[in-house]
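Worksheet: one structure, shown below.
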């Protein structure tokens, strides 16, 4: 479904030196897979995820989504993004809109649904995450866990084919992590293709079809969750796991 | 002369109060036209300054906008007014039009920086969220960023308008009889500077005090929206 070829990303520092964040990543994500990416801070995992929908434009390499090279300048990236949902660490709900308007804005403006259909869809999804009573409030009055569940629903309103999660629980109070992970598990059970950058090893173990370990801009190790956690190959991963588990 | 006689000479004799009123009229007329023009220019220039290609490089619009802001901020407004009056629009004898244009173009540069700062102060995650849903940059700007930026923009914009009203006091240079020039003329007619100059100062003060109160009301309204 998504093929990543020789993906490189460099950032220029103010002193003109070059910071190589991704150093030639190759990977293939198939439909229905749940890929969980773990690794230390600064390993490039968030950048990798943000390249998948071109929030970061790769320095070189290709990303093929459903046969379409999205790194090609002629590709209409907005059309591609309609099919890829993204959930951010800081929720990024639209502060000037009510929850309902947050959910319906994109589907209606992009003419994917009319207003009635979008509202129906949003209502149904809000029910699923038990937040229907919040439909008419503004994001400022919600807790972090509620915001993140709404953010997930906002992406789902577009009927995406794949969902990208960028550390979705890292900005939450520990108490609220569970409610967000539950929604993500539900989504996984429904067969959604997911790419999740996270520090929640429990989630990786339980939900992932593959776990990737990234460090210094490379994928160092890739395995099924059982093998990944019980039988790590590289010393770097052994060291990492010994610290986080 | 008693204080009372000086007051009469400055404001009442020969219907001089009419001069002050027409002076206030000219001051406000120029400030209003210039303010509106400044806001139009300011918004367009701010968007030009913020425009960039998909990979974050500046565009040609960017350079034009920067050039405009640099020129305006780098020269005195009196000089800009004189250049407009004696050179660029030398064929026009409509002083109010020339002054409004000059001040509007001047104010536009400052407004553009206010608007730009207001837009940049909106969390960049808002733009990313909009784009990640497939909305274009323009659509996200219009539906998400600008409505939030307005809250940051209104207070300094009010400040800029207040500055603009006072800055019009230099239109005497192009022989417009605004409040300041009228007061000065009365002073030279009556050989008494105290009453007309202090009187003009009080009138400016009252106008701006009223504006300040209005702005306070608007700001409180905008903030209320945040506390819901």
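Give the residues of region B:149-183 that are in contact with a helix residue (DSSP H, G or I) (Cβ under 7 Å, 6 or more places away or on another chain) and over 29 Å from residue B:90 (Cα atoms), sorted by residue number.
Start the filter on region B:149-183 by keeping residues that are in contact with a helix residue (DSSP H, G or I) (Cβ under 7 Å, 6 or more places away or on another chain), which leaves B:149, B:151-158, B:160-162, B:164-183.
Result: B:149, B:151, B:152, B:153, B:154, B:155, B:156, B:157, B:158.
Does region A:28-56 hold any residues that are without any contact (Cβ under 8 Å) to a residue 60 or more places away in the chain and more than 14 Å from residue A:211 (Cα to Cα), and which are they?
Result: A:41, A:42, A:47, A:51, A:54, A:55, A:56.
For residues that are outside any helix (DSSP H, G or I) and within 8 Å of another protein chain (Cβ to nearest Cβ), tally how many sit in region A:108-128. Don't jump to the end; show me each part of the working.
Going residue by residue through region A:108-128, those that are outside any helix (DSSP H, G or I) are A:110-114.
Pick out the ones that are also within 8 Å of another protein chain (Cβ to nearest Cβ) and you get A:110.
Looking only at that region, the number is 1.
Can you tell me which residue among B:37, B:32, B:79 is loosely packed, with under 14 Cβ neighbours inside 10 Å and either within 21 Å of residue B:146 (Cβ to Cβ) or at pLDDT 95 or above (or both)?
That would be B:79, the only listed residue that is loosely packed, with under 14 Cβ neighbours inside 10 Å and either within 21 Å of residue B:146 (Cβ to Cβ) or at pLDDT 95 or above (or both).
Residues B:165, B:218, B:150, B:144: which one is modelled with pLDDT of 95 or more and either within 14 Å of another protein chain (Cβ to nearest Cβ) or surrounded by fewer than 18 Cβ atoms within 10 Å (Cβ to Cβ) (or both)?
On the way: B:165 fails: either within 14 Å of another protein chain (Cβ to nearest Cβ) or surrounded by fewer than 18 Cβ atoms within 10 Å (Cβ to Cβ) (or both); B:218 fails: modelled with pLDDT of 95 or more; B:150 fails: modelled with pLDDT of 95 or more.
Going through B:165, B:218, B:150, B:144 in turn, just one is modelled with pLDDT of 95 or more and either within 14 Å of another protein chain (Cβ to nearest Cβ) or surrounded by fewer than 18 Cβ atoms within 10 Å (Cβ to Cβ) (or both): B:144.
Condition (residue is more than 11 Å from every other protein chain (Cβ to nearest Cβ), outside any strand (DSSP E or B), surrounded by 18 or more Cβ atoms within 10 Å (Cβ to Cβ) and at pLDDT below 95) applied to region A:50-58: is it met by at least one residue? Even if it seems obvious, please write down each step before you answer.
Of region A:50-58, the ones more than 11 Å from every other protein chain (Cβ to nearest Cβ) are A:51.
Checking the rest, the ones that are also outside any strand (DSSP E or B) come to A:51.
Then drop every residue that is not surrounded by 18 or more Cβ atoms within 10 Å (Cβ to Cβ), which leaves A:51.
So of that shortlist, the ones also at pLDDT below 95 come out as none.
No, region A:50-58 contains no residue that is more than 11 Å from every other protein chain (Cβ to nearest Cβ), outside any strand (DSSP E or B), surrounded by 18 or more Cβ atoms within 10 Å (Cβ to Cβ) and at pLDDT below 95.
Each row is one residue, and each column tells you yes or no for (1) under 26 Å from residue A:169 (Cβ atoms); (2) surrounded by fewer than 16 Cβ atoms within 10 Å (Cβ to Cβ).
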{"residue": "A:13", "(1), (2)": "no, yes"}
{"residue": "A:19", "(1), (2)": "no, yes"}
{"residue": "A:30", "(1), (2)": "yes, yes"}
{"residue": "A:48", "(1), (2)": "yes, no"}
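Just wondering, is there one or more residues in region A:174-189 that are under 12 Å from the mean Cα position of the chain (by Cα) and either surrounded by fewer than 19 Cβ atoms within 10 Å (Cβ to Cβ) or away from every other protein chain (no Cβ under 14 Å) (or both)? Before the answer, list the steps.
First pass over region A:174-189, keeping only residues under 12 Å from the mean Cα position of the chain (by Cα): A:184.
The next check asks that each one be either surrounded by fewer than 19 Cβ atoms within 10 Å (Cβ to Cβ) or away from every other protein chain (no Cβ under 14 Å) (or both); those that pass are A:184.
Yes, because at least one residue in region A:174-189 is under 12 Å from the mean Cα position of the chain (by Cα) and either surrounded by fewer than 19 Cβ atoms within 10 Å (Cβ to Cβ) or away from every other protein chain (no Cβ under 14 Å) (or both).
Identify the residue in region A:80-90 that is more than 7 Å from chain B (Cβ to nearest Cβ) and outside any loop (DSSP other than H, G, I, E, B) and, among all such residues, is surrounded by the fewest Cβ atoms within 10 Å (Cβ to Cβ).
A:80
Among the residues of region A:102-118, which ones are under 24 Å from the mean Cα position of the chain (by Cα) and more than 16 Å from residue A:78 (Cα to Cα)?
A:102, A:103, A:104, A:113, A:118
For residues in region A:133-153 being within 13 Å of another protein chain (Cβ to nearest Cβ) and within 17 Å of the chain's Cα centre (by Cα), which is farthest from residue A:176 (Cα to Cα)?
Per the criteria, the residue is A:153.
Quick test for you: out of A:93, A:164, pick the one residue that is closer than 29 Å to residue A:200 by Cβ, modelled with pLDDT of 95 or more, at the interface with another protein chain (Cβ under 10 Å from one of its Cβ atoms) and in a loop (DSSP other than H, G, I, E, B).
Values: A:164 fails: in a loop (DSSP other than H, G, I, E, B).
Residue meeting the stated conditions: A:93.
Taking residue A:236 as meeting all but one of (1) crowded, with 23+ Cβ neighbours inside 10 Å; (2) part of a helix (DSSP H, G or I), write down the number of the exception.
Failed condition: (1).
Which of (1) closer than 24 Å to residue B:121 by Cβ; (2) more than 9 Å from chain B (Cβ to nearest Cβ); (3) buried (at least 22 other Cβ atoms within 10 Å of the Cβ) does residue A:105 not meet, given it meets every other one?
Among (1) closer than 24 Å to residue B:121 by Cβ; (2) more than 9 Å from chain B (Cβ to nearest Cβ); (3) buried (at least 22 other Cβ atoms within 10 Å of the Cβ), residue A:105 violates only (2).
Would you check which residues across region A:132-148 are in a helix (DSSP H, G or I) and over 20 Å from residue A:193 (Cβ atoms) and list them? Spell out how you get there, then give the answer.
Of all residues in region A:132-148, those in a helix (DSSP H, G or I) come to A:132-134, A:139-141, A:144-148.
Those that are in a helix (DSSP H, G or I) and over 20 Å from residue A:193 (Cβ atoms): A:132, A:133, A:134, A:139, A:140, A:141, A:144, A:145, A:146, A:147.
Any idea which of B:132, B:107 is more than 14 Å from every other protein chain (Cβ to nearest Cβ) and crowded, with 22+ Cβ neighbours inside 10 Å?
Details: B:132 fails: more than 14 Å from every other protein chain (Cβ to nearest Cβ).
Only one candidate passes the filter, namely B:107.
The values are calculated or read from the model by the stated rules, or taken from the named source; none is laboratory data. The model shown is predicted, which means the values in this text are computed figures rather than measured ones. All Cβ positions, glycine included, derive from the backbone under ideal geometry; neighbour counts span all protein chains shown.
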